[in-house]
Amino acid sequence: MTLESSHDILKEESDERRSSTHFLTGLKDSIASAKQALLNQQHDDGHWVYELEADCTIPAEYILMNHFVGEIDDETEQKIAQYLRDQQYDEGGWPLFTGGDVDLSCSVKAYYALKLVGDDPHEEHMVRARNTILNHGGAANSNVFTRITMALFSQVPWRATPFIPAEVIILPKWFPFHIDKVSYWSRTVMVPLFVLCTMKAEAVNPRGIDIRELFIVPPEDERNYFKIKTPLGRAFLALDHIGRVVEKLVPRFVRCYSIRRCKHWFLQRMNEEHGIGGIFPAMVNVYESLIAMDYPKDHPKVVMARKAIDALLAKRGNSMYCQPCVSPVWDTCLASQAMIETETEDNITAEIEHALDWLKDRQLSDEPGDWRIPRPNLKGGGWAFQYSNYYYPDLDDTSMVAWAMHRTGKDKYKEPIARAANWVAGMQSKGGGFGSFEVNNTQYYLNSIPFADHGALLDPPTADVTGRSIALMGLADKEKYANHIRQAIEYLKSDQEQDGSWFGRWGTNYIYGTWSVLTALEVVNEDPSQDYIRAAVKYLEKIQNEDGGWGESNQSYYPPRHHRPFPSTAFQTGWALLALLAAGEANSNSVKKGIHYLITNQAADGQWHDDYYTAPGFPRVFYLKYHGYTKYFPLWALARYRNLTQS
């Protein structure tokens, strides 16, 4: 070896050491600044909560609700109108998520809301919106929920809506359709809607605003409001027509009794000032139903219903929007997971303990809940997603909360963890999978009824929730729940996509699903060398972007359903890294490139600021942007990488 070549080798080694030192310093600084930023956002009582933003449908519906009941609030509505204008595409319509295609139903509601607050239909942005809506087939082609709204405002005849009479509430359990056979979000939305549709309630609409200009054919002349193509769908539509004829024979006392039963059902589930189901659409339907039934506006139930809705308003500069719900339990357990990762095992800080104590106080036990209908002898032990939603705890939050508690090793969390695991295990569906709120909620034929054009009537088992449930049971007592875990893993194997990924029901999408599964399999010590796990690793490596990050659009929920190239995001990069780290890839080039992406794209305030929607509420219908995801997922991934490589 020559002296010159020896010098070159030494120089390369020196450069590599400097690069490695620089990388580790950057990693350390990145974790410290992100951690401090997260701590700065913790509330005094210990919890975290971030804004939860949906598409423009929800804020538009807030304005429509005000005009339905005749309670116009010009100041608030003008701020919401500004938000709607800010979200409008240049071509004229509104999408369901950042970068998505124009959605007809969302655009119709946004246009109507703007016209209600006073926007002149001849203004340039309104002309663009109207032309886009007409180019997409006009308002008659809107989805069921939008047509029901238009019927309430007398913009379409009631025959444009599905036949959903109040008598549905008294159908026997053996009947093909029963309220207990659909998901929690469906029944909380539908029951008050039965009242509105049965009474054929009519909006006050004090300004007398119509949207006839959005129809190609006059709405009263339209004959094809239901575009149903499947044989089963056509059969249900025929029953729908028969029901409208038979309705005339329903005795008045039966109708009155059915409406009372609907009212009793949703009043039982009012959830105090937090609103029925903790979700905006159900809250609005209850509020409007009470008004339609002539409850005075100062009645305690009406006041409480309105308070729950107004609590969802979120300010943004000179504009305002309405959240679909709030996510304090979910935000707090995920932020806690990230914070725990930044510490050593024997150093659970006061801030972490404060957060977990806040969660501990919100664990459910003997409260009433619809989940008890199929599981009457199962003891409670779950957590809800919101500040309060005791009728509807969910397995996803429950598993993640108890998982975070387990990581602390604190004795005071042993009992809550054991109760949570017992409840989750008891909610396992046939076939080994787990749904979010329901057990065995797989009556798929119901997605063919005219009301279900959104395709989100049910809550069947999914890979992401099943993964989280596996993790909790494995941590709580792997031997006790061995059979549950085995069945769940078999379900995951059968549910894996051909490319090695898993579908993400509650996060976008295949990256989220794959993260949810791989991290759970690590907890229960599944051998990462198995073919199905290696296939998942190869999938993540294959879709990594050139810049080192990962990204996936909500377009992957549309046919053909598969991952599509998309700019890298910090939260999805965090998911992919956590998945690869769980599969034993800490020293891979893919992981190092991903870590480098997060470090170099961190903002000066210590956090990341992607402007993309992070999750589906319902795929192809309703999407969400969790503002907290860019705060804790990248931090969690960075700290996890540091801990694995330094150990």
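Would you call K248 among the basic types (K, R), touching a residue at least 40 places away in the same chain (Cβ under 8 Å) and loosely packed, with under 13 Cβ neighbours inside 10 Å? Explain how you work it out, then say what you get.
Values: among the basic types (K, R): yes; touching a residue at least 40 places away in the same chain (Cβ under 8 Å): no; loosely packed, with under 13 Cβ neighbours inside 10 Å: yes.
Spelling it out, it is not the case that K248 is among the basic types (K, R), touching a residue at least 40 places away in the same chain (Cβ under 8 Å) and loosely packed, with under 13 Cβ neighbours inside 10 Å.
Find all pairs meeting these conditions: Cβ atoms under 9 angstrom apart; at least six residues apart or on different chains; first residue within segment 197-212 and on the phi > 0 side of the Ramachandran plot; second residue surrounded by 16 or more Cβ atoms within 10 Å (Cβ to Cβ) and part of a helix (DSSP H, G or I).
From residues that are on the phi > 0 side of the Ramachandran plot, the pairs are K200/A151; K200/L152; N205/H67; N205/F68; N205/L116.
Residues of segment 609-647 being within 21 Å of the chain's Cα centre (by Cα) and part of a loop (DSSP other than H, G, I, E, B), which ones?
H609, D610, D611, Y612, Y613, T614, P619, R620, V621, H627, G628
Which one of the conditions (1) of a type outside the set (A, V, I, L, M); (2) modelled with pLDDT of 95 or more; (3) closer than 30 Å to A113 by Cβ does E341 fail to meet, given that it meets all the rest?
Checking E341 against (1) of a type outside the set (A, V, I, L, M); (2) modelled with pLDDT of 95 or more; (3) closer than 30 Å to A113 by Cβ, the one that fails is (3).
Which residue, of E288, E222, is at pLDDT below 95 and either within 21 Å of N66 (Cα to Cα) or among the charged types (D, E, K, R) (or both)?
Sole residue among the options that is at pLDDT below 95 and either within 21 Å of N66 (Cα to Cα) or among the charged types (D, E, K, R) (or both): E222.
Y387: surrounded by fewer than 22 Cβ atoms within 10 Å (Cβ to Cβ), assigned by TED's automatic domain parsing to the domain that holds T466, of a type in the set (S, T, Y) and in contact with a helix residue (DSSP H, G or I) (Cβ under 6 Å, 6 or more places away or on another chain), yes or no? Step through it out loud before you land on a result.
Values: surrounded by fewer than 22 Cβ atoms within 10 Å (Cβ to Cβ): yes; assigned by TED's automatic domain parsing to the domain that holds T466: yes; of a type in the set (S, T, Y): yes; in contact with a helix residue (DSSP H, G or I) (Cβ under 6 Å, 6 or more places away or on another chain): yes.
Judged against the criteria, Y387 is a match.
Just for segment 492-506: of the residues that are more than 21 Å from S553 (Cβ to Cβ) and within 22 Å of the chain's Cα centre (by Cα), which one is surrounded by the most Cβ atoms within 10 Å (Cβ to Cβ)?
L492
Do the conditions hold for A535, that is, is it in contact (Cβ under 8 Å) with a residue 24 or more places away in the chain and under 21 Å from the mean Cα position of the chain (by Cα)? It would help to see each step written out before you state the result.
On the way: in contact (Cβ under 8 Å) with a residue 24 or more places away in the chain: yes; under 21 Å from the mean Cα position of the chain (by Cα): no.
For A535, the condition - in contact (Cβ under 8 Å) with a residue 24 or more places away in the chain and under 21 Å from the mean Cα position of the chain (by Cα) - is not met.
Go through segment 590-639 and give me each residue that's among the basic types (K, R) and more than 23 Å from Y50 (Cα to Cα).
If we filter segment 590-639 for residues that are among the basic types (K, R), which is where we start, we get 592-593, 620, 625, 631.
K592, K593, R620 - these are the residues of segment 590-639 that are among the basic types (K, R) and more than 23 Å from Y50 (Cα to Cα).
Among the residues in segment 47-61, are any at pLDDT 95 or above, under 22 Å from L638 (Cα atoms), assigned to a helix (DSSP H, G or I) and not β-branched (V, I, T)?
Looking through segment 47-61, none of the residues is at pLDDT 95 or above, under 22 Å from L638 (Cα atoms), assigned to a helix (DSSP H, G or I) and not β-branched (V, I, T).
Could you list, in sequence order, all residues of segment 474-506 that are more than 21 Å from R534 (Cβ to Cβ), in contact (Cβ under 8 Å) with a residue 60 or more places away in the chain and assigned to a helix (DSSP H, G or I)?
Matches in segment 474-506: L475, A476.
When you scan segment 284-300, do you find a residue that is in a loop (DSSP other than H, G, I, E, B), of a type outside the set (D, E, K, R) and within 24 Å of the chain's Cα centre (by Cα), even just one?
No, segment 284-300 has no match at all.
Of all residues in segment 114-124, count the ones that are assigned to a helix (DSSP H, G or I), surrounded by 13 or more Cβ atoms within 10 Å (Cβ to Cβ) and out of contact with any Leu (no Cβ under 8 Å at 6 or more places or on another chain). Don't jump to the end; show me each part of the working.
Going through segment 114-124, the residues assigned to a helix (DSSP H, G or I) turn out to be 114-117, 124.
From the residues that got through so far, the ones that are surrounded by 13 or more Cβ atoms within 10 Å (Cβ to Cβ) too are 114-117.
Still in the running and out of contact with any Leu (no Cβ under 8 Å at 6 or more places or on another chain): 115, 117.
Here the count works out to 2.
Hey, among I511, I489, which residue is among the β-branched types (V, I, T) and more than 20 Å from the chain's Cα centre (by Cα)?
I489
The values are calculated or read from the model by the stated rules, or taken from the named source; none is laboratory data. Quick caveat: nothing in here was measured; it's all calculated off a predicted structure. Reconstructed Cβ throughout: ideal geometry from the backbone, glycine too, with neighbour counts over all protein chains shown.
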